[in-house]
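Quick note: the coordinates plus some simple rules give every number you see, no bench work behind them. All values derive from a computational prediction rather than experimental measurement. All Cβ positions, glycine included, derive from the backbone under ideal geometry; neighbour counts span all protein chains shown.
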Amino acid sequence: MKPFNKKFTDINEFINNKRTPNFENLLSVLRREKPSRPTLFEFFLNEELYNRLTCHIKYDAHDELTPLKRTIDAFRITGYDYVTMHGTELNFKTNRHQEKQQASVSMNGGAIISDRKTFESYEWPDPDNCDYSRLEKLASYLPNGMKIIVYGPGGVLENVTSLVGYENLCYMIIDDPELVQDIFDAVGSIFIRYYEICSKYESVGALISNDDWGFNTQTMLSVEDMRKYVIPWHKKIAETIHLSKKPAILHSCGKLDSVIDDIIDGIKYDAKHSYEDKIRSVENAYEKYGERIATLGGLDVDFVCRSTPEEVYLRAAAMLEKASVKGGYALGSGNSIPYYVPQENYFAMIAAAVLE
């Protein structure tokens, strides 16, 4: 492990770094093998970082793909072997758009389905009528060795909760379980087609099923109801992705100990992302489950925010050292890099893998 150096927080060290992408490293991690070099994984960064990292690159203001090209360049500059993006603009319309500018959004707000009538009148998105051409058009822009990792417009449980409202959903499970099943089936079937289409593109190397399942203490629904409504659709999503010979990654927040065997042995996800120290540290998760499922990211976002750059660097380097024998680990945060994460701390974290 190199001692901490102030240059690890300097954005120019990354902009000038000559590291080139090689998606095979991430594939090794997803196979629970040792990659050829320390490997990074992050769900997404933030617009301010994307703009700072690519400020020296000129883009065509009239090119509708410019935001995605900027994201590709930012991921390349910071040392990732891939870039994450939606496969298309598919979404489930609710009334939550009125709350988007707020720092926190209620899980009960914006609900649009309350009974059989509103369910049947809802305008469901059609994944076959969406434009996925970005996945083809961007193929030639990707640097050699880099792939796209597609993620969804939320997940099955997240979108059902948005459509119904969390408290309403809990009541509906008791009052009208048949309607609940129909709503899950409608949402789940759309996701199956979305992932089926996205996984066929050569530019796509893996896919993320992003669906928050839990709170800090338990799953959002009872384990019985998770297994009845949610997990069967995730099993179908993973099977759909695997049919294209590509890895399926689960991003899910919350305490999922009660369904971890379902995630690993039932659904057969290749990797799990999203960890919090107050639930289970990534070090502990790697020791407990690393033989069975790849571990991605994991440095608690609160820790990355509140610690010094040196503390962040040392923990990141220690985690890479812990995984250096068995493999199956890629370094990153426990969730993502929102705007409030100090940028010097983010750079200190990835320096452990990039500035060797």
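Just want the ordering: THR295, THR66, from fewest to most Cβ atoms lying within 10 Å of their own Cβ.
THR66, THR295
Taking K and R as +1 and D and E as -1, what net charge do the other residues with C-beta under 12 Å from the C-beta of ARG37 add up to? Intermediate results must be reported in sequence, preceding the final value.
Details: positive: ARG19, LYS34; negative: GLU24, ASP81, GLU356.
My count for the surroundings of ARG37 gives -1.
Convert each backbone phi in the stretch 116-123 into a coupling constant with the Karplus relation 6.51 cos²θ - 1.76 cosθ + 1.60 (shift: θ = phi - 60°), then list the ³J(HN,Hα) values in order as whole Hz, x for Gly and Pro.
Result, rounded to whole Hz: 4, 5, 6, 5, 6, 8, 5, 8.
Compute the Rg to Rh ratio over the chain from the alpha carbon atoms, using the Kirkwood formula for Rh, and round to two decimal places.
Numbers: Rg = 20.1 Å, Rh = 21.0 Å.
Computed over Cα atoms, the ratio is 0.96.
Below 8 Å, C-alpha to C-alpha, sequence gap of six or more: please give me the relative contact order for the stretch 6-354 in percent.
Relative CO of the stretch 6-354 lands at 23 percent.
So what's the back-of-envelope 222 nm ellipticity for the chain, counting only DSSP H runs of four-plus at -39500 (n - 2.57) apiece and dividing by all residues, rounded to 500?
Estimated from H runs of four or more residues: -11000 deg cm²/dmol.
I need the P(r) histogram for the stretch 1-91: all alpha carbon pairs, bin width 5 Å from 0 out to the longest distance, whole percents.
Final binned percentages: 3, 12, 19, 21, 19, 15, 7, 3, 1, 0.
May I ask for the net charge around GLN343, where only other residues with Cβ less than 13 Å from the Cβ of GLN343 are counted and Lys, Arg are +1 while Asp, Glu are -1?
After counting each charged neighbour, the total is -4.
Let me confirm the definition first: pairs of Lys residues in the stretch 1-135, 8 or more apart or on different chains, C-alpha distance under 23 Å. How many are there?
So the count of such lysine pairs works out to 9.
Would you list, by chain and number, the lysines whose Cα falls below 18 Å from the Cα of LYS228, excluding same-chain residues fewer than 8 positions away?
Answer for LYS228, where 18 Å is the Cα cut-off: LYS236, LYS268, listed by chain and number.
Report the trypsin sites (Lys or Arg not before Pro) located in the stretch 1-35 that are in a DSSP loop and have at most 13 other Cβ atoms inside 10 Å of their Cβ, or state none.
Working: sites: LYS6, LYS7, LYS18, ARG19, ARG31, ARG32; in loops: LYS18, ARG19, ARG31, ARG32.
Here the sparse-neighbourhood loop sites are LYS18.
Kirkwood-based Rg over Rh for the stretch 108-187 (C-alpha set), two decimals? Don't jump to the answer; show the numbers that get you there.
Working: Rg = 17.3 Å, Rh = 14.9 Å.
Dividing the radius of gyration by the Kirkwood radius yields 1.16.
Can you list residues whose amide H is under 5 Å from TYR151's amide H, if they're 5+ apart or on another chain and H is modeled 1.01 Å from N?
MET85, HIS86, GLY87, ILE208
Against the longest principal axis of the chain, how steep is helix 66-77, in degrees 0 to 90 to the nearest 10, with axes from Cα atoms?
Here the helix axis deviates by roughly 50 degrees.
Defining a contact as two alpha carbons under 8 Å apart and six or more residues distant in sequence, what relative contact order in percent does the stretch 90-235 show?
With pairs under 8 Å counted, the relative contact order is 31 percent.
Kirkwood Rh and Cα-based Rg: tell me the resulting Rg over Rh for the stretch 213-356, rounded to two decimals.
With Rh from the inverse mean 1/r over Cα pairs, Rg/Rh is 0.99.
How do 48-56, 286-294 rank on mean C-beta neighbours within 10 Å, highest first?
286-294, 48-56
Please turn the phi angles of the stretch 280-292 into ³J(HN,Hα) values with the Karplus equation 6.51 cos²θ - 1.76 cosθ + 1.60 (θ = phi - 60°), one per residue in order, whole Hz, x for glycine and proline.
These are the phi-based 3J(HN,Hα) values: 6, 5, 5, 4, 5, 4, 5, 5, 7, 10, x, 6, 10 Hz.
How many percent of DSSP beta bridges within the chain run antiparallel, rounded to 5?
So the antiparallel bridges amount to about 10 percent of the total.
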